[in-house]
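Novice: Dumping the structure here so I can ask a few things about it.
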Amino acid sequence: MSEQIAPRDVLGTTLIEVAQRDPDVVVLDADFHPASKLKPFKEHFPERFIEVGIAEQNMMGVAAGLSTLGFKPFVCTVAAFCSRRACDQVMVSIALPRLNVKILGVYPGIFVGLNGATHQSLEDIAIMRALAHMNVVHPSDAWELQQVLAFAAEFDQPLYVRVARDPAPRFIPQGHQFQLGRSFTLRDGNDVTLITYGELIGDTLEAAALLENRGVSARVIVMSSLKPVDTEAIVQAAEETHYIVTVDNHSVYGGLGSAVAEVVCERAPAKVKRLGLRDRFGRSGSNEAMKRKFGLTAQDIAREAMDFIHR
């Protein structure tokens with residue numbers, strides 16, 4: 001098996017590299033740095049690490065103020081807390097004035113260990129996508145997260161980045177370079193397109209292999225950039241395969257499936273099936289238990305795709 005690295009494990013070390021190149025980069029934490037793995041940054045740059053405590057709303061205001069002074073703040077906490085809890089502060093203090101603040105949401109979606117529904121962010125993509133001026137990214141793996149953080153330091157707009165908790169193999173191809181608004185294709189196919197991101201890429205690839213065994217050619221697109229999405233790739237998939245299945249680590253309302261459906265409705269009509277959590281909250285359990293509970297295993301994805309295309 002190829003090397004597996006948790007995206008959060010490279011967060012602190014990568015931000016050190018980013019801050020070494022850019023003296024304006026500062027990091028704000030809401031008493032979560034042992035879990036978010038920001039400790040290396042705190043030890044390397046103690047004067048550029050600001051601990052605000054469990055006060056996510058205040059952290060957004062502090063970051064906004066620092067941005068107006070020319071700093072480049074990266075704020076970090078649990079994805080559910082920097083979206084649901086601090087939503088109004090993010091909107092009023094960061095998105096509305098379009099300030100240069102990067103929001104790092106760790107533990108996104110249903111994969112939060114045993115922390116349960118209170119720590120699961122099933123709405124954060126919907127919230128952040130709906131905010132004007134806010135850009136949204138969920139890196140594929142630890143290697144792409146490193147690229148996203150370097151990009152973020154040079155990107156002079158609000159940016160929300162989901163940071164996965166658990167180890168995963170490398171999915172980005174050799175030579176890949178992250179671009180906002182661009183996707184990449186891991187597998188070509190003509191009968192149906194599977195679109196996903198982050199923690200569910202491996203299961204979606206396995207689903208494509210299962211479909212191949214049943215005579216179905218499935219394209220697999222990774223949409224790390226959730227706002228803006230890669231409109232060109234979605235339109236091409238709609239025109240060439242006519243069926244699209246989205247696989248979301250999020251509620252089906254407002255997540256990747258909604259973003260894809262918006263493009264398809266306006267640009268290239270095709271049938272879209274959205275997989276994810278449907279009007280329900282999460283539960284406490286292991287990642288594999290969560291996948292089984294909410295129909296997101298490779299077998300579930302393949303079965304839904306087969307039913308969808310009537311094979």
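The values are calculated or read from the model by the stated rules, or taken from the named source; none is laboratory data. Please read all numbers here as calculations on a predicted model, not as lab measurements. So basically every Cβ, Gly included, is an ideal-geometry build from the backbone, and we count neighbours across all protein chains shown. Remember, those area values only see protein heavy atoms, side chains included, never the ligands or the DNA or RNA. Shrake-Rupley method; radii C 1.70, N 1.55, O 1.52, S 1.80 Å.
Novice: Which of the following residues is assigned to a helix (DSSP H, G or I), surrounded by 24 or more Cβ atoms within 10 Å (Cβ to Cβ), touching a strand residue (DSSP E or B) at 6+ places or on another chain (Cβ under 6 Å) and touching a residue at least 24 places away in the same chain (Cβ under 8 Å): 161, 148?
Specialist: 148
Novice: Next question, about the same structure. Aliphatic (A, V, I, L, M) and within 29 Å of residue 120 (Cβ to Cβ), is that true of residue 148?
Specialist: Answer is yes for this residue.
Novice: Assuming residue 188 fulfils every condition listed in (1) touching a Lys or Arg at 6+ places or on another chain (Cβ under 6 Å); (2) closer than 25 Å to residue 141 by Cα; (3) touching a residue at least 60 places away in the same chain (Cβ under 8 Å); (4) surrounded by fewer than 24 Cβ atoms within 10 Å (Cβ to Cβ) apart from one, which condition is it?
Specialist: Answer for residue 188: the failing condition is (3).
Novice: Still on this structure, please answer the following. I'd like the full set of residues that are under 15 Å from residue 102 (Cβ atoms) and not charged (D, E, K, R), limited to the stretch 17-48.
Specialist: The answer is 18, 19, 25, 26, 27, 28, 30, 36, 38, 41.
Novice: Take the residues in the stretch 277-296 that are of a type in the set (D, E, K, R) and touching a residue at least 40 places away in the same chain (Cβ under 8 Å); name whichever of them is least open to solvent (accessible area, probe 1.4 Å).
Specialist: Going through the qualifying residues, I end up with 291.
Novice: Can you name the residue in the stretch 281-311 that is basic (Lys, Arg) and modelled with pLDDT of 95 or more and is also nearest to residue 212 (Cα to Cα) among such residues?
Specialist: Here the residue is 303.
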